[in-house]
Structure formats: C-alpha cells, structure tokens
Amino acid sequence: MTQYIKLAWRNLWRNKRRTLITSASVFFGVVLSSFMRSMQEGSYDQYIRSIVNSYTSYIQIHKKGYWDDKVINNTFKRNQSIESELKRNKNITLYSPRFETFCLASSEDYTKGVMVLGIDPQREDKIINISGKLKQGHYLKNDEDGILLCSVLAEFLKMNVNDTLVLIGQGYHGASAAGKFPVRGIIKHPSPEVDRTLVIMEIKKCQELFSAVGMLTSMAIMVHDANEVADTKQTLVRSLPADLEVMDWKEMNELLMKQIESDRASDMIIIGILYMIIAFGIFGTIVMMMAERKKEFGVILAVGMQKHKLMFVVLLETVLVSMVGAITGIFASIPVLGYYYYHPIPFTGKAAEMMIEMGFDPVLSFSLDPLILLIQALTIFTFTLIIGIYPVLNIWKLDITNALHN
Amino acid sequence: MIARSQTLTAKDIITKSDDKARGKTSQGESTMTIVRPTWSRSITMKSWEKGRSLSLIVITAPAKEKGQVFLKIKTEMWNWLPSIERMIKIPPSMMLQSWMGSDFTNDDLIKESSIVKDYTHKLLSKETVRDMPCYKIEMIPLPEAAITWGKVIIWITEDGFNQWKAEYYDEDMSLINILNASNIKKMGDREIPTRLEIVPVDKKNNKTILEIKNVIYDQPIKDSFFSQQNMRSISQRIK
C-alpha cells in the first residue's frame, strides 16, 4: 500500500506544473466556495443576532396565548419556581423579566400611542444593549423612576431630557393607569418602527403604573448561542407549568424566518453554479492529463504492469492532488475569512439605507463557523473523486497498441 | 290595579318609571363590581345627578383610582386624573368604549338619551319575571335620536314601576346586553332596585354588577356644583 502511495506521490511530482494546476483548481474551489458560504451564513447570523439582540432574545416565556393576543390581562406572575428553573439550566446565560403594553404618551401639546417596555435595567442591557444606543441623558438605574424615550418619538412629542411625559392607559384588570415620568434619556433605536413608538421604563415602576405588581408579559432568555435554543426550549417546556408558553426566536420572527428561508434557497442555486464551474475546471485539467499521459500508460502496461494496479495508482494520484488542494485551501481561507469576520464589508448608498431601515447594521458579515470550511473542502474533494473515475475508466478501456502509437 | 293598568299607555308606564328612577336630583354611593372569567374587581364611587344633563362621579376606592372624577354636562364628558393633574375630555369616538374596564360604556354613563323622549313605545304583554309581574314594553329609538341600539325590550314592574329587566339589541336585532335589576330596598323616599347586573351576551362569564349603597332624591344641588373647578376640589377632598 505504502508502495502505491509512494509511486503515486512520485508520479505527481514528475510533472510539477500539471500537479500544481490541478491542485490549484481544487484550492481555489475550496477558497471561493468557503468565502461565499461564509458570507451567506454570516449575513444570516447577523440577521439573527440583530433580531435576537434588538428585541426578542433567543427564548421567551409568556402566559399561554399571550403571543396571539398581546393584552395586559394575558400576563403571568413572576415567581421563584420559574426563576430557579431558569437558574438551574446550564445553557441559560441570562434571563430578564419584561412588562410591555400599549398606552398613550402625552407631552404638553402632543399625544401619541406608544409601546411601553418595563425592564430590569441591568439585565436587559445585556440583551438589547440600550445604554449603547443612548444619545442624550443617562441610562436607567435600578428602581429609578423615569423613562427613556426613543429619538423619533421624542422629536414628535417635542421632548428633551428632564421634561415630564404623561402616560395614560388601561392597566391590569381594567384599572386606569396614569402617571407622570421624567425623561432620563433619549435613545436611538436602529429600527425606525421601534424608534417611533418605544418608551422604556424600570419594570417595577411600570407594573405599578399598570396596577400589575409582580406580573410579567414575558421573560426573555438568552443562551450561549443559537444551537442551544432547541434543547433549552425542550427542557423548559417540560419543566415549566402548562399555563405558560415557551417560544424561540424562530417562532417569534416567523416572517423574517420565511425571508431567510427563501434567501437560502436562492443562495443554494448560486453556490450550485459555483460548484459546477469549479468541477468543470478540475475535470478539464484531468482530461488534459490523461491525453498527455496516454503514451506513458501504454508503455507501462506494455512492460507488464497490471491494469488494475495502474488504475489504483492513478486514482491515488487524484486523491492526493485534491487533498493537497483542499487542505491548502482550508488553511488559506482561514486568514481571509478571519480578516473579513473582524472587518465586515460596509455597504454604502441605497443598500445601506435599506438595511438600516430594516434595523440591521449596513455591513456584509462573514461567518467563522469551522463547519463551513470543512463542508466546502469535503464537497470539492468529493467532486474531485467523482472526476477521478474518468482516468480510471480511461485506463481500463486503454488499448495498448493504440496508446503506444499515439 | 287592573283598572289602572288598562288606562296606562306604554309611554305612561315608561314616564312614571323614568321619573321615579331619576328624581329631580339624586346623590348617593354605589359599588361597581366587574366580573371576568379569571378575576373580578370592585370600584366604589359617589355620584351626583341633576336632571338629565348634569352628573358628576368621583371614585373613592381602590386607592389607585381614588380621586378620579367624571363630569358630564349635556353630551360632553370630562375626566380629571389627579395622578397626572390633567383634565381629559372624552371624545365622542370613545363614547362606546368601556367605562373603567366594566361592561358599561361611557355612553351608558352619560345617558343623555331619554327613555321617554327618544323612543317609540309599544306594550307587548304582561309577563312575570323573577316573581314580579311586569309590563313588557318594546322601545324603538326615533330615527333622529343618537342611540346605538336597534331596539330595547324593557320589563317594568306593575307594582312600583321599577325597571326590572332590559334587553338591548343592536341594529341587526341581535341581543347584546341583558340588564337585571333586583334587591328592592327603600332608599330615601322611595323603594328602588339596588342591584343592577349587566351581562354581555357574547362574552362568556363576563358581567358587571352595580350595587347602590345609598341614595337620596330631590335634594337641591346647584348647577355650579357640576363644573371643572369643582371636579378638582372634590378630587382633593376625597384624596
């Protein structure tokens, strides 16, 4: 066996240029397809991250039926048993209670319907990073009375930091809710939709305002990464009381998931075309190689080499040459993808505006998932092996006299 | 008794009943209990009423809503919210919305429309409802009246002319609300039902109960009592 490998290896380096060209086409195949996949997956990751981090988090717990009917009476009581369940789960990095509802916000002369989000300032900041979006004023401290206004809303209401905003609405069980709150800070939320409607306040003050002390509309939960979501959700569904619903970010963002899904399908077509171009490139070099070496094979067979052994050696050559290409391809891709992972390509002009409007960073992100590299290397390697059947078949059908006369 | 009923028209019965229920003025205390499938809550209030066009209600409990005042002058309605020190005018578009989360609408509270003047009346029959012999009268709103109902069927007790039961139908003549009065007690100079229960037909296990704790009729109240200034001072006194 080692003898065959040695033979194949030597054969390869007898014609360095030919070998380099073949392995270079494998190499570029791996690099290009990895680059493309990394870009695609990177932008999905970016979508997911931004929706998870802008609002939904990975998993949420609600009272059963809340998601379909988001009214203030569809809330659940915050209690120790739920929290100890969350604390016990090793996947969960963070959980944050929320109380959200709609009401009217009124300044001196203007009134507008707003969404009020009551949060635990410290915990929530680690999920949706509100303090990072702060434009003016300061972020809420725990138990602090006061609100944060989104910038477009603040402009509409003609409000600045330290002005007083009036909130009027209906509270829990039909109680009336009305209160005055000083504006502590103004934030710029990337999503224009949210930026027009969101008012953030400390959760206890919010629950008090709406006469719902101790009640939550949702518990936002973060896990280490998206891969742990399914498992964690399963565990929670099993261990939490049946009158609560557990939803993951996919269920909470159905529309966006459908968009990503259809996007993925069109990406598969593009990557398929790329694979075909690469495969034909490799096929071309191998056809050339066969043509060049026809006489050589004829001579070897004429001096007594068995056909099946020769076939095996040639197959080994293909395997080796594509392995060289695949492995160097992987190693060459890492720094390239690494660079773009940390320096995403910025969008400009209309495309950038569109992305900002949709609430995303206007950059083309890359993924550093090692699986992408591995799968691309394996795919290209498999293509090469399939192409490798061509020289094997050729030798099998080789007519020695004809080959010698060539 | 029989002789009298023969001479009474449907309109006479309604007029007698309306005069009794309203008086010239009335003032009193009541408790409203909102019942929902999973919870219920009570609100107590004091109210003053003068004729058809003036009324004022101040909430005395629960603590959170204590001091809220509602004022009605003719068709207009204001709400004073002490927690934000603001007077809110309730716009016509909100008239059909729930009052304080109950099954009563803001419009029910205003009761600008008159069951005497704004309807045509027809005596349908006599029926006994919960042991009380009643006149069953169909009331169809006049075309020019600002009334949202398609028709109202009302049962008025033969003895005492109390509004004992009512069914409210919408424009498509499907039943929306049922009102049941009960618990007749002497309040001031007259005997009236002190418990009113309103049940929305399409919402299961929902109802609102209004219990009158006390009420005095025909005490003089000045018109100036029903003013925005007075809303604020009453609110402060209650707090």
* Consider B:Lys165 carefully, then state whether it is surrounded by 19 or more Cβ atoms within 10 Å (Cβ to Cβ), basic (Lys, Arg) and either assigned to a strand (DSSP E or B) or without any contact (Cβ under 8 Å) to a residue 60 or more places away in the chain (or both). => yes
* **Single residue of A:Asp143, A:Asp195, A:Asp120 found to be modelled with pLDDT under 90, within 23 Å of A:Trp249 (Cα to Cα) and of a type in the set (Asp, Glu)** => A:Asp195
* **Residue satisfying condition, being assigned by TED's automatic domain parsing to the domain that holds A:Phe28, under 21 Å from A:Trp9 (Cβ atoms) and under 35 Å from the mean Cα position of the chain (by Cα), within set A:Ile356, A:Ile327, A:Ile334** => A:Ile327
* To do: Residues that are within 31 Å of the chain's Cα centre (by Cα) and charged (D, E, K, R): find the helices (runs of 4 or more DSSP H) completely inside the stretch A:149-256 holding 2 or more of those.
  => A:192-197, A:229-239, A:249-252
* **Top-ranked residue of the stretch B:47-92 - restricted to ones that are of a type in the set (Lys, Arg), in contact (Cβ under 8 Å) with a residue 24 or more places away in the chain and in a strand (DSSP E or B), ranked as nearest to the other protein chains (Cβ to nearest Cβ)** => B:Lys72
* To do: For residues that are more than 8 Å from every other protein chain (Cβ to nearest Cβ) and surrounded by fewer than 20 Cβ atoms within 10 Å (Cβ to Cβ), tally how many sit in the stretch A:170-181.
  => 0
* Can you tell me which residue among A:Glu144, A:Glu208, A:Glu155, A:Glu193 is within 14 Å of chain B (Cβ to nearest Cβ), among the acidic types (Asp, Glu) and surrounded by fewer than 23 Cβ atoms within 10 Å (Cβ to Cβ)? => A:Glu208
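Under the condition of being of a type in the set (Phe, Trp, Tyr) and either closer than 30 Å to A:Met323 by Cβ or surrounded by 21 or more Cβ atoms within 10 Å (Cβ to Cβ) (or both), which residue from the stretch A:56-90 is farthest from the chain's Cα centre (by Cα)? Steps first, please.
Going through the stretch A:56-90, the residues of a type in the set (Phe, Trp, Tyr) turn out to be A:58, A:66-67, A:76.
After this cut, where a residue has to be either closer than 30 Å to A:Met323 by Cβ or surrounded by 21 or more Cβ atoms within 10 Å (Cβ to Cβ) (or both) as well, the list is A:58, A:66, A:76.
Working: A:Tyr58: 12, A:Tyr66: 27, A:Phe76: 32 Å.
The residue in question is A:Phe76.
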* Enumerate the pairs (first residue in the stretch B:172-193 and at pLDDT below 90; second residue anywhere and surrounded by fewer than 18 Cβ atoms within 10 Å (Cβ to Cβ) and of a type outside the set (Asp, Glu)) with beta-carbon separation below 6 Å, excluding pairs fewer than 6 apart on the same chain, so at least 6 apart or on different chains. => B:Gly188/B:Ile216
* **Output for the stretch A:3-32, where each listed residue is β-branched (Val, Ile, Thr) and farther than 16 Å from A:Met311 by Cα** => A:Thr19, A:Ile21, A:Thr22, A:Val26, A:Val30, A:Val31
* Structure fact -> Only one of (1) within 11 Å of another protein chain (Cβ to nearest Cβ); (2) at positive phi; (3) surrounded by fewer than 20 Cβ atoms within 10 Å (Cβ to Cβ) does not apply to B:Gly101, and that is (3)
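The values are calculated or read from the model by the stated rules, or taken from the named source; none is laboratory data. Just so it is clear, the structure is predicted and the values come from calculations on it, not from any experiment. Neighbour counts are summed over all protein chains in view; Cβ atoms, including those assigned to glycine, are modelled from backbone coordinates with ideal geometry.
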